[in-house]
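One structure is given below, encoded as structure tokens.
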Amino acid sequence: MFGQPDCTAGNGVMPMQLNVARLCLDCEEIHDAQRCPVCASETFGYLTRWVPRIEPRATPRPAARPLVVPTTVQRIVFGGGVISLLAYGWMRWSKRARNHVEVMSFRKAGELR
Ligand SMILES: [Zn+2]
């Protein structure tokens, strides 16, 4: 199915696929036989239990698209809402500031009398 890369190390050690690799739970030897070649134990666990396999993909994964893509109308409405909120806050602040100035000027004028 997929072209297998040449993994021969040239040192006489045969390469082993991860999905068949077993870890001997008695002597920690890694093998792919029914019995451990070192201690003849039949107690083992597959290495994929601890090392996740990476499946080769036939087709590249499509690019992730954002979950929510706002439309132009939504952008305009949201932008208009933000601008309106800022304008409302500025008007409130400016009204309070104007009232404060009027009160302070009235007090100063009252003190002069
Ligand atoms: Zn063993």
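Please list 3J(HN,Hα) in residue order for the stretch 59-70, calculated via the Karplus relation 6.51 cos²θ - 1.76 cosθ + 1.60 where θ = phi - 60°; whole Hz, with x for glycine and proline.
Residue by residue, the stretch 59-70 yields 10, x, 5, x, 4, 5, 9, x, 5, 10, 10, x Hz.
Taking only DSSP H segments of four or more residues, each worth -39500 (n - 2.57), what value at 222 nm results for the chain once the sum is divided by all its residues, to the nearest 500 deg cm²/dmol?
My calculation for the chain gives -13500 deg cm²/dmol from helical runs alone.
Which chymotrypsin sites (Phe, Trp or Tyr not before Pro) in the stretch 22-59 pass both tests, a DSSP loop state and at most 14 other beta-carbon atoms within 10 Å?
Those satisfying the criteria are 50.
Near residue 35, within a Cβ-to-Cβ distance under 14 Å, what is the net charge of the other residues, with Lys and Arg +1 and Asp and Glu -1?
Charge balance near residue 35 sits at -3.
What percent does the relative contact order of the chain come to when contacts are Cα pairs within less than 8 Å and at least six residues apart?
Value for the chain: 14 percent.
Within a 10 angstrom radius of the beta carbon, how do 29, 42 rank from fewest other beta carbons to most? Before the final figure, lay out the partial values.
Details: 29 16, 42 12.
Arranged by neighbour count, lowest to highest, 29, 42 become 42, 29.
Where does each of 86, 25, 47, 67 land when they are ranked from fewest to most other beta-carbon atoms within 10 angstrom?
Placing the least packed residue first, the sequence is 67, 86, 25, 47.
Every number here is computed from the coordinates shown, using simple stated rules; none is lab data. This is a predicted model, so every value here is computed, not measured. Quick reminder, even Gly has a Cβ in these numbers, built from the backbone with ideal geometry, and neighbours come from all protein chains shown.
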